[in-house]
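Student: Below: one structure in structure tokens.
The values are calculated or read from the model by the stated rules, or taken from the named source; none is laboratory data. A quick note: this is a predicted structure, and the numbers were derived from the prediction, not measured. Every residue, glycine among them, receives a Cβ derived from its backbone with ideal geometry; neighbour counts consider all protein chains shown. SASA here: full protein model, heavy atoms, side chains in, ligands and nucleic acids out. Shrake-Rupley method; radii C 1.70, N 1.55, O 1.52, S 1.80 Å.
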Amino acid sequence: MSKIYSTPPTLNRERRFPDNMQAAHALALKAKQGRKGNRTGERYALPAFNVTNIQGINSAFTAFETLGSSGLMAFSNSALKHMGGGDPLFGLEVASDYVARKAARSSVQVATHLDHGDYISEQGRRVVQAAVSALTSVMADNSTDKVNKAGLPLEDNIGYTREVVNMAHPLGVSVEGELGVLAGEEDEDTKSDVSTYTEPDELARFLRETGVLMLAPTIGTMHGANKGRPGHKVKLNIPLAHELLKIADGINDEIIFVAHGASTMYEDVRDYAVEQLEALGAPFDGTAQTWKDFVGTDWEQIKGLIGAGFCKINTDTENRQTFLAALLGAVNKNAAKVDIRWYEKQMWDAVSASYIQKLIMAGNYGVWHEPKIDVEQFVFDLHSV
Ligand code: G3H
Ligand code: ZN
């Protein structure tokens with residue numbers, strides 16, 4: 001990678017996306033500044049929900065429209081492959097077209113985001129390039145060399161990320177960089193055994209030379225369903241998060257931090273799944289224990305991160321778990337129902353409820369209109385979904 005000296009392009013804020021669609025940065029900045037309607041209040045966050053198919057998109061829209069929330073749907077490379085019948089580029093066309101059509105009929109504003117876009121490999125680069133044309137936000141995840149499973153030198157991370165900013169910012173597409181290495185497994189394309197905290201000394205240089213307005217620092221969160229030892233709370237490095245925020249705000253107070261691995265893994269969902277497994281009986285030997293051993297990131301810790309400028313919080317695993325728990329429940333309710341739509345409805349209604357719960361926890365409601373439910377009274381319980 002060659003050295004980068006010139007000033008990076010700023011985000012083109014004049015770009016008009018299809019109706020009711022915005023760059024992720026615009027929605028996240030509103031959250032960081034606590035703006036809802038014409039009011040300015042407490043800071044809130046944008047949960048980024050990873051979606052993998054049309055029903056997932058519908059489920060997310062249901063949640064956003066129920067609460068009048070700012071919506072962010074994230075697509076990983078493997079999700080795009082899934083949606084495109086093996087071809088992530090076709091998946092991108094399908095996803096972006098469908099979201100734009102849904103958004104045009106929606107009561108809220110949404111953003112679409114490429115999650116963990118890899119600009120290092122040839123194939124990954126093609127997806128990032130296509131995503132810059134199709135989505136409103138992309139992640140340039142170049143902090144890890146996925147082949148050698150090691151951190152990429154800072155110079156290279158800056159160089160690759162800057163190439164994405166050069167392409168995306170003039171088109172109004174916001175770019176999320178990553179600095180530090182995040183451990184855990186999200187899907188086949190996103191896993192790492194190692195983790196390192198973000199170095200405060202590297203932050204200013206990374207932000208200045210790449211020009212990104214969104215950044216995922218690593219402060220102790222992890223991808224996947226096993227973020228720590230069962231029975232122990234995950235501890236994030238909140239003091240480091242504040243130290244990093246001070247540096248970032250000193251450069252540009254519109255910079256948004258992103259928490260990856262922010263799934264809290266609802267205890268009630270776990271209990272519901274264990275209940276269903278036990279009712280289903282013997283063939284699931286050991287599975288109930290696996291469920292009991294899942295460990296998410298403690299919500300109090302995530303709340304601490306929102307205070308430190310982490311206004312985009314990524315949750316994927318907990319929603320997958322809700323889906324699976326609801327599937328187990330559906331089989332228990334009626335294992336002879338020969339109707340795909342009935343099963344799908346059980347699962348996706350449950351996922352919508354899981355999204356609603358997280359949006360309420362993140363304070364992201366009443367942004368575009370008043371919620372259609374009483375948020376104080378909402379109870380996320382799979383028995384009653
Ligand atoms: O990019 C997606 C998220 O970082 C997923 O995190 O495994 O805690 O849901 P999670
Ligand atoms: Zn992630």
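Student: Whenever you get a sec, compute what percent of the accessible area on the stretch 309-352 sits on carbon and sulfur atoms (1.4 Å probe). Present the calculation step by step, with values, prior to reporting the outcome.
Tutor: On the way: 1150 of 1900 Å².
Summing carbon and sulfur atoms, their accessible area is 61 percent of the total for the stretch 309-352.
Student: If you average the sequence gap of Cα pairs under 8 Å that are 6 or more apart and divide by the length of the chain, what percent do you get for the contact order?
Tutor: It comes to 21 percent, rounded to a whole number.
Student: With only alpha-carbon atoms in the gyration tensor, what are the semi-axes of the equivalent ellipsoid for the stretch 4-55, in Å, largest first? Walk me through the numbers before you get to the answer.
Tutor: Numbers: eigenvalues 106, 77, 37 Å².
Computed over the stretch 4-55, the values are 23, 20, 14 Å.
Student: Give me the tail of P(r) for the chain as a percent: Cα-Cα pairs with distance above 39 Å.
Tutor: On the way: 8833 of 73920 pairs.
More than 39 Å apart: 12 percent of the Cα pairs in the chain.
Student: Which of the aspartates and glutamates could a cross-linker bridge to residue 292, judged by Cα under 18 Å and excluding same-chain residues fewer than eight apart?
Tutor: The reachable aspartates and glutamates, counting only those whose Cα sits under 18 Å from residue 292, are 267, 268, 271, 275, 278, 318, 381.
Student: Based only on the alpha carbon positions, what is the Kirkwood hydrodynamic radius of the stretch 328-367, in angstrom? Write down the numbers at each step before the final one.
Tutor: Working: mean 1/r = 0.0861 Å⁻¹.
Computed over the stretch 328-367, the radius equals 11.6 Å.
Student: Please go through the residue pairs 30/235; 337/372; 102/345; 30/227; 81/146; 32/146 and name each one whose alpha carbons sit more than 20 Å apart in this structure.
Tutor: Values: 30/235 28 Å; 337/372 32 Å; 102/345 18 Å; 30/227 30 Å; 81/146 18 Å; 32/146 32 Å.
Over 20 Å apart, Cα to Cα: 30/235; 337/372; 30/227; 32/146.
Student: Specify the angular offset, from 0 to 90 degrees and rounded to the nearest 10, of the alpha carbon long axis of helix 317-333 from the longest principal axis of the alpha carbons in the chain.
Tutor: Approximately 20 degrees, to the nearest ten.
Student: Given the Cα-Cα distance of residue 384 and residue 369 and 0.36 nm per residue of separation, how much length would full extension add, in nm?
Tutor: Stretched fully, the residue 384-residue 369 segment lengthens by 2.8 nm.
Student: If the cut-off is 18 Å between C-alpha atoms, which lysines fall inside it for residue 149, apart from same-chain ones fewer than 8 positions away?
Tutor: 191
Student: Another one. Work out how far the C-alpha atoms of the stretch 233-376 reach from end to end along every principal axis, then list the three figures in whole Å, largest first.
Tutor: 61, 38, 25
Student: I've got another one for you. Compute the length gained on full extension between residue 292 and residue 123: take 0.36 nm times their separation in residues and subtract their Cα-Cα distance, giving the result in nm to one decimal. Show your work: numbers first, answer last.
Tutor: Values: separation 169, 0.36 × 169 = 60.84 nm, distance 3.77 nm.
Working it through step by step, the gained length comes to 57.1 nm.
Student: Which FRET efficiency value, to the nearest 0.05, do you get for residue 42 and residue 246 by plugging their Cβ-Cβ distance into 1/(1 + (r/R0)^6) with R0 = 35 Å? Intermediate values should be presented prior to the final figure.
Tutor: Working: r = 20 Å, r/R0 = 0.57.
Given R0 = 35 Å and the Cβ-Cβ separation, E is 0.95.
Student: For the stretch 76-99 and the stretch 286-320, compute the distance between their C-alpha centroids and round to whole Å.
Tutor: Taking the Cα centre of each part, the stretch 76-99 and the stretch 286-320 sit 26 Å apart.
Student: I would also like to ask the following. What residue among 287, 322, 161 shows peak mean-square fluctuation when the chain is described by a Gaussian network model with Cα springs under 10 Å?
Tutor: Comparing 287, 322, 161 in a Gaussian network model of the chain, the most mobile one is 287.
Student: Could I ask something else about it? Per DSSP H run of at least 4 residues, take -39500 (n - 2.57); add these up for the chain, divide by its residues and hand me the 222 nm value, nearest 500 deg cm²/dmol. Walk me through the numbers before you get to the answer.
Tutor: On the way: 13 runs with 168 residues, N = 385.
It lands at -14000 deg cm²/dmol.
Student: Considering only DSSP beta bridges where both residues belong to the chain, give the percentage that are antiparallel (nearest 5). List each step's numbers first, then the result.
Tutor: Details: 8 of 41 bridges.
Of the beta bridges lying entirely in the chain, close to 20 percent run antiparallel.
Student: Can you check how the C-alpha radius of gyration of the stretch 34-178 compares to 2.2 N^0.38 Å, as a plain ratio? Don't skip to the end; give the middle numbers.
Tutor: On the way: Rg = 15.9 Å, N = 145, 2.2 N^0.38 = 14.6 Å.
Output field value: 1.09.
Student: Any number yet on Rg/Rh for the stretch 190-246, C-alpha, Kirkwood? Mind showing how you got there, number by number?
Tutor: Values: Rg = 13.4 Å, Rh = 13.1 Å.
Rg/Rh: 1.02.
Student: Same structure, new question: Where is the GNM fluctuation largest for the chain (alpha-carbon springs, 10 angstrom cutoff): 365, 160, 343?
Tutor: Looking only at 365, 160, 343, the largest GNM fluctuation is found for 343.
Student: Return one number: the angle in degrees, 0 to 90 and rounded to the nearest 10, between the long axis of the Cα atoms of helix 154-168 and the longest principal axis of the Cα atoms of the chain.
Tutor: The two axes meet at around 80 degrees.
Student: Among 284, 242, 317, whose Cα projects farthest towards the positive end of the dipole of the stretch 209-344, with charges put on the beta-carbon of Lys, Arg (+1) and Asp, Glu (-1)?
Tutor: In the stretch 209-344, that residue is 284.
Student: Have a look at 220, 228, 296 and tell me which one the Gaussian network model of the chain (Cα, springs below 10 Å) gives the largest fluctuation.
Tutor: 228
Student: Using protein chains only and a probe of 1.4 angstrom, how many square angstrom of residue 368 are accessible, to the nearest 10?
Tutor: The value for residue 368 is about 80 Å².
Student: On a full-extension model of 0.36 nm per residue, what is the gain between residue 90 and residue 155, subtracting their alpha-carbon distance, rounded to one decimal in nm? Before the final figure, lay out the partial values.
Tutor: On the way: separation 65, 0.36 × 65 = 23.40 nm, distance 3.25 nm.
Stretched fully, the residue 90-residue 155 segment lengthens by 20.1 nm.
Student: Where only protein heavy atoms count, and the probe is 1.4 Å, what is the accessible area per residue for the chain in Å²?
Tutor: On the way: 16280 Å² over 385 residues.
Each residue of the chain exposes 42 Å² on average to a 1.4 Å probe.
Student: Separate question: Taking Cα pairs under 8 Å and at least six residues apart, what relative contact order does the stretch 85-194 come out at, in percent? Don't skip to the answer; put the middle values down first.
Tutor: On the way: 147 pairs, mean separation 24.0, N = 110.
Computed over the stretch 85-194, the figure is 22 percent.
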